[in-house]
Structures are given as C-alpha cells and as structure tokens.
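Structure record follows, encoded as structure tokens.
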2 protein chains.
Amino acid sequence: MTLFGTRTVAQIAIVVRDIERARDHFARLLHTDPPPVVVSGPQEESKMTYRGQPSDGRAKLVFFDLDNLQIELIEPFGGPSIWQEHLDQHGESVHHIAFWVKDTDGRKQALAEHGIDETQRGYFTGGMYSYYDSIPQLGVMIELLERFDGQG
Amino acid sequence: MTLFGTRTVAQIAIVVRDIERARDHFARLLHTDPPPVVVSGPQEESKMTYRGQPSDGRAKLVFFDLDNLQIELIEPFGGPSIWQEHLDQHGESVHHIAFWVKDTDGRKQALAEHGIDETQRGYFTGGMYSYYDSIPQLGVMIELLERFDGQG
C-alpha cells in the first residue's frame, strides 16, 4: 500500500478566478447541468490555519462527479490561503490531487519524513482536509481528506 | 455522455525538469519500484505536429498505474513541443488530464465549437494522442487518447 493508504486519486482540483465561468465551461463539455457553488465555512467553523496561523481565507467550490474521481473547482476569497497563494503565483491551473486517508496526522508525519510539510488545514462537517507543499518533489500539491466516521 | 464519450479521467500528467528525480520521489510515496523511463518516438515514427508544424520535440515518460488512473511524468527534450512550452511558461506543474476517445477528429471538431483548438498531435504504436488549448476555459489542458483497435 502507498504512504497514503490508498491507490485511488479522489480529486483533481483547479484554482480559478471566476468559478461560475469555469463551471459553465466544464458543464458544457461534460454535458451536465452546472453543479451548485458551495462556500467553505467561516473561520469559526473551519478553524482554518494557513502556514501555521489562523486565517479568514475561504473558497467557493464546485464538484463534478465523474465515474472515477471528482473534478473540483476552487475560487479563493477573503484572507490568505494556499488557494490564493497558488492563484497569485501560478494563475489558473491545477491546484492539487487529493487522497482519502484514515489518519491525517500519521500521514502528515510520514510526509514530513520526505521533506513535505503541511501548509494549510481546515475542518468541515464530519471531516477535515490538509495540504502539503509537495511541488518541489512531485510537481503537484497533495491534499489529504479524512472523514471522522472512518468511511472513505 | 460527455463530449469526450467517457466520464473517466484516464491520466493526470505532470511536466518536470528531471524525470528520474520526480519518479523516485513518487515511487517512495507510492511504495513501489520506480517504473522505467520510456521515450516518445522520433519524428519519423510519431509524425508529431506542434501548432501545425512538424517538430522534433520529444519527451521522456514515466507511468504510475494507480487503481483508478495513471499518473504520468513528462520531461521534454529536443525541439519545440506543448510540453516544453508549458514547462517554460508554468514551471513544473500539472500539464494535462487525459480521456480515451474513439473518434479523435470528431471530438476535435466538437472542442473547436467551444473555442478549444488542437495544439499538438502525434502517433504511437497502435494509437494517437492530441492536446487542446483549454486552459483559458477550464484552467487545465485536455489530452485525447485513441487506440486504433477500438479498445479503450
């Protein structure tokens, strides 16, 4: 098994400046209705930390469920975030690939042993996410997703 | 069904400067032996065209087979290519997501109707690939892959 405990890529996520515009283009190519835009929770709910500090950074999100993974669109707003940092540095582009894991802190430690450190984490109803600065090694950022009910 | 005729993302591909280095990092995280580096064919075989002109651009390639898709690494060399262009403009980063299709020229026409034009194509034993300039619409480049035996 891999360091992530899975051999399945759960998501490919793309950071964009105008999520409705990108969503509508994807929907036309995927021949589907445009999914709703959802918004990440405020700091009181998400407890989001970016590079070690609490941040008010948030994002508008859209998810397309394909047969073998999700394509996620991300439009950052509010305070600093790894999403805004990526958009500022790289423009509209793929932001991360995601894996569902069962033990975020154990996987965080294992990644740190490879020189790959956490840059942001936050919580959502029933779970959490965390991002890792793996671009120098892999050319792409890694996200770990965990559901606290152990499913996933 | 989607414009691509499939709802499955076949590959996520990352363009890198040093493919052995990136491969070895991925292999360590995926707990697998490093796959071999393969090399795209020369112009005589690939008949590669980049932005409408034949080019000697080639690439070293590595493929990791995960459970639901391939992660592909690409190190360009030789003449001009969409791989080298992306590396020069964006640095090491995700280059494309790929779909297996049955009718490249029909899909090419359908993408053109959305303002998304082909930038490069080439041939390999039993099949072909083509890239489309979808970054302005989608934030990510699309690749279409086709096997001439109709499988895929």
(message) Kindly evaluate A:Gln109 against the criterion of being without any contact (Cβ under 8 Å) to a residue 12 or more places away in the chain, more than 10 Å from chain B (Cβ to nearest Cβ), in a helix (DSSP H, G or I) and out of contact with any Phe, Trp or Tyr (no Cβ under 6 Å at 6 or more places or on another chain).
(response) yes
(message) Name the single residue that is farthest from the chain's Cα centre (by Cα) among those in the range A:115-152 being buried (at least 19 other Cβ atoms within 10 Å of the Cβ) and farther than 21 Å from A:Ser40 by Cα.
(response) A:Gln137
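Is it fair to say B:Val16 is touching a residue at least 24 places away in the same chain (Cβ under 8 Å), more than 14 Å from chain A (Cβ to nearest Cβ) and closer than 20 Å to B:Ser93 by Cα? Spell out how you get there, then give the answer.
Numbers: touching a residue at least 24 places away in the same chain (Cβ under 8 Å): yes; more than 14 Å from chain A (Cβ to nearest Cβ): no; closer than 20 Å to B:Ser93 by Cα: yes.
No.
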(request) Confirm whether A:Arg51 is over 13 Å from the mean Cα position of the chain (by Cα) and within 29 Å of B:Ala10 (Cβ to Cβ). (result) no
(message) Quick check on the range A:37-44. Is at least one of its residues more than 9 Å from every other protein chain (Cβ to nearest Cβ) and closer than 29 Å to B:Trp100 by Cα?
(response) yes
(request) Go through the range A:87-102 residue by residue and tally those that are surrounded by 17 or more Cβ atoms within 10 Å (Cβ to Cβ), within 12 Å of chain B (Cβ to nearest Cβ) and part of a loop (DSSP other than H, G, I, E, B). (result) 1
(request) Could you identify the single residue in A:Asp88, A:Asp56, A:Asp65 that is more than 14 Å from the chain's Cα centre (by Cα) and closer than 23 Å to A:Ala27 by Cα? (result) A:Asp65
(message) Show me the strands (runs of 3 or more DSSP E) found entirely inside the range A:1-86 where at least 3 residues are open to solvent by 40 Å² or more (accessible area, probe 1.4 Å).
(response) A:57-65, A:70-78
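The values are calculated or read from the model by the stated rules, or taken from the named source; none is laboratory data. Since this is a predicted model, take the numbers as computed values, not measurements. Note: ideal-geometry Cβ built from the backbone for every residue, glycine included; neighbour counts use all protein chains shown. Just the protein is used for accessible areas: all its heavy atoms, side chains included, with ligands, DNA and RNA removed. Shrake-Rupley method; radii C 1.70, N 1.55, O 1.52, S 1.80 Å.
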